[in-house]
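Data block below; observations after.
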């Protein structure tokens, strides 16, 4: 079993209807799919690989080796930690500065990924029967560009005892649309599908898309956020660059009224209406726990 691989370039041609159907299936049945021919150049993606790998070696690897996490791996199973080196890139935070070309390359990459996220949201609007721009407007809290766009750069170094720790514990994502540029050599990412963990197969220069909790709410449950995890591995150094197009903290999120109406539901039977910042506060405490209680908790906030 393998997650769908979709040629995004065919949206603009004679196979548009078929490609829309494939994307709808990816969202409805999987919550994860891979895009090829997504419009981001191989040249840029190769530069991203280069600078992210060099950044880890130059600025991160030695600190990871000295970390409390590495020292704590002494034959006991570690339950509440992840075998992951990670930092986040935002427009206004401090970025690694010792790696040549890192900032310029990652700034260009983030610009292209944000455009792709917005194109994907437009496809979701169309497939769900919503007005064009509906999801983007909901995430931005109106017409302005207030949505959160962050990029998490992770490495999962070789683990001497991978049976004792997880690379990244199982969770669903709190936000909206997630765009992952994963390692095309070292695997480890898995999703939970029909009660089974299945591998998200490495595929050269593809972008893996998954839907977060807020897309589940806006779609009134038609698109579900999916449990996923990363396994620690004894060899290789897995690169993982995940970009998140999330609502602004002040955005009010609720099921699209049109989709509630189509489902013949009373409003109070649907997902709750809430401010995303309130949901994120609950998520921070319950990230690795079942998601349904999070929705119920935020109902009472």
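Annotations
- Helix-only arithmetic for the chain: the sum of -39500 (n - 2.57) across DSSP H runs with n ≥ 4, divided by the residue total, places the mean residue ellipticity at 222 nm at -9500 deg cm²/dmol.
- Debye intensity ratio in log₁₀ form over the Cα atoms of region 1-54, taken at each q of 0.22, 0.27 Å⁻¹: -0.83, -0.98
- GNM result for the chain, Cα springs below 10 Å: residue of 237, 80, 210 fluctuating most strongly: 80
- Between residue 192 and residue 86, the simple label model (points 7 Å from Cα in the Cβ direction) yields a spacing of 1.7 nm.
- The average projected area of the chain, computed from the convex hull of its Cα atoms over all directions, is 16.1 nm².
- Nearest 10 degrees, 0 to 90: helix 276-286 Cα axis against the chain principal axis: 50
- Distance between the 7 Å Cα→Cβ label points at residue 285 and residue 70: 3.5 nm.
- In the distance distribution for region 124-177, Cα-Cα pairs more than 18 Å apart total 57 percent.
- Spatial separation of Cα centroids for region 55-108 and region 119-154, in angstrom: 29
- Sorted largest first, extent of region 171-256 alpha carbons per principal axis (Å): 44, 28, 19
- Among 33, 274, 149, residue whose mean-square fluctuation peaks in a GNM of the chain (springs only between Cα atoms under 10 Å): 274
None of the figures in this text is laboratory data; all of them are computed from the coordinates on show. Note that the structure is a prediction, hence the values are computed from the model and not measured. Every residue, glycine as well, gets a Cβ built from its backbone with ideal geometry; the counts of neighbours run over all protein chains shown.
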